[in-house]
Amino acid sequence: MNILLIGYGKMGRAIEALALSRGHQIAGIIDPSRPDVQLDQFGPHNADVAIEFTHPDAAFANVQACLRQGLPVVCGSTGWLHHFGEARALAQEKGGALFYASNYSVGVNLFFHFNEYIAAKMHQFGGYDVQVREIHHVHKVDQPSGTALTTAEGIMRHYPEKKRWRNDPAQAPDELAIISERLAETVGTHVVTYSSPVDVLELKHEALSREGFAHGAVLAAEWLPGKQGVFGMKDLLGL
């Protein structure tokens with residue numbers, strides 16, 4: 001399979017190494033460090049799929065370009081989801097394929113699954129306050145992380161009294177607190193805490209390296225070609 005890499009930071013390099021180890025080819029690398037290679041040079045004639053990990057300000061334009069050029073795209077950039085409805089409409093219009101996840105780790109997506117299960121049960125029995133905490137490296141641009149937002153959305157689906165999230169301690173009962181920390185080279189830690197006067201329950205995922213994210217992204221790239229529509233890790237993992 002020929003994979004176009006859009007973005008060549010730490011994640012792009014990890015994906016490249018893993019893809020090559022699995023017998024795939026790198027059709028090209030789109031990155032500001034390689035100005036001679038442009039996205040409009042690629043389409044179904046010379047790439048099977050694109051994997052996009054860039055910056056919130058660039059991601060939507062990259063996704064649009066891939067869909068318009070008929071190139072299935074796996075996107076892992078966060079911070080652009082206010083445009084997601086437009087991307088979905090474009091995928092439908094062009095008969096294209098978009099795979100999006102805020103986090104490609106198989107473990108994190110099981111964390112999302114169990115997060116919703118626990119939220120439903122905790123709300124059913126009541127008596128617990130809930131909070132989300134995320135810790136990432138100091139270079140991470142968006143805050144809260146996309147993974148923290150997906151976690152919060154999963155909780156709020158089962159806590160109808162929580163109307164919005166707040167990237168600080170909650171100031172009102174209808175707010176869900178997301179506490180963000182940026183610490184050294186931390187890969188990514190997410191913790192959901194339920195606390196009551198008598199006990200505390202925590203659901204935690206801690207990433208130890210970027211390889212787990214790269215593995216999920218390459219799995220998605222292997223799965224996506226030949227499909228039409230918008231997909232995510234629940235589709236890939238059958239959750």
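The values are calculated or read from the model by the stated rules, or taken from the named source; none is laboratory data. For clarity, every value in this text was computed on a predicted model and none was experimentally measured. No Cβ is skipped: glycine too gets one built from the backbone with ideal geometry, and neighbour counts run over all protein chains shown.
Data table
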| read-out | value |
| --- | --- |
| Answer residue from the range 127-164, given it is free of Cβ contacts under 8 Å to residues at least 60 places away in the same chain and either outside the structural domain of E181 (by TED's automatic domain parsing) or small (G, A, S) (or both) and is surrounded by the most Cβ atoms within 10 Å (Cβ to Cβ) among those | A148 |
| Within the range 1-30, considering residues that are part of a loop (DSSP other than H, G, I, E, B) and either of a type in the set (A, V, I, L, M, F, W, C) or modelled with pLDDT of 95 or more (or both), the one surrounded by the most Cβ atoms within 10 Å (Cβ to Cβ) | G7 |
| Meets criteria (in a helix (DSSP H, G or I) and out of contact with any Cys (no Cβ under 6 Å at 6 or more places or on another chain)) for G79 | no |
| Within the range 203-219, considering residues that are surrounded by fewer than 17 Cβ atoms within 10 Å (Cβ to Cβ) and not hydrophobic (A, V, I, L, M, F, W, C), the one modelled with the highest pLDDT | K204 |
| Condition broken by C66, with the remaining ones in (1) in the same structural domain as G9 (by TED's automatic domain parsing); (2) surrounded by fewer than 21 Cβ atoms within 10 Å (Cβ to Cβ) satisfied | (2) |
| Qualifying residues in the range 31-43 (those that are touching a residue at least 24 places away in the same chain (Cβ under 8 Å) and outside any loop (DSSP other than H, G, I, E, B)) - the one surrounded by the fewest Cβ atoms within 10 Å (Cβ to Cβ) | D40 |
| Residues that are within 18 Å of S195 (Cβ to Cβ) and touching a residue at least 40 places away in the same chain (Cβ under 8 Å), drawn from the range 115-126 | N115, I118, A119, M122 |
| Residues (touching a residue at least 12 places away in the same chain (Cβ under 8 Å) and either in a strand (DSSP E or B) or over 21 Å from V218 (Cβ atoms) (or both)) located in the range 44-54 | V49, A50, I51, E52 |
| Residue among V192, V200 that is β-branched (V, I, T) and either modelled with pLDDT under 95 or surrounded by 13 or more Cβ atoms within 10 Å (Cβ to Cβ) (or both) | V192 |
| Output for the range 194-239, where each listed residue is outside the structural domain of G146 (by TED's automatic domain parsing) and of a type in the set (V, I, T) | V218, V230 |
| Filter result for P144 (part of a loop (DSSP other than H, G, I, E, B) and over 23 Å from N109 (Cβ atoms)) | no |
| The range 162-177 - residue that is out of contact with any helix residue (DSSP H, G or I) (no Cβ under 7 Å at 6 or more places or on another chain), part of a strand (DSSP E or B) and of a type outside the set (D, E) and, of those, farthest from F125 (Cα to Cα) | R166 |
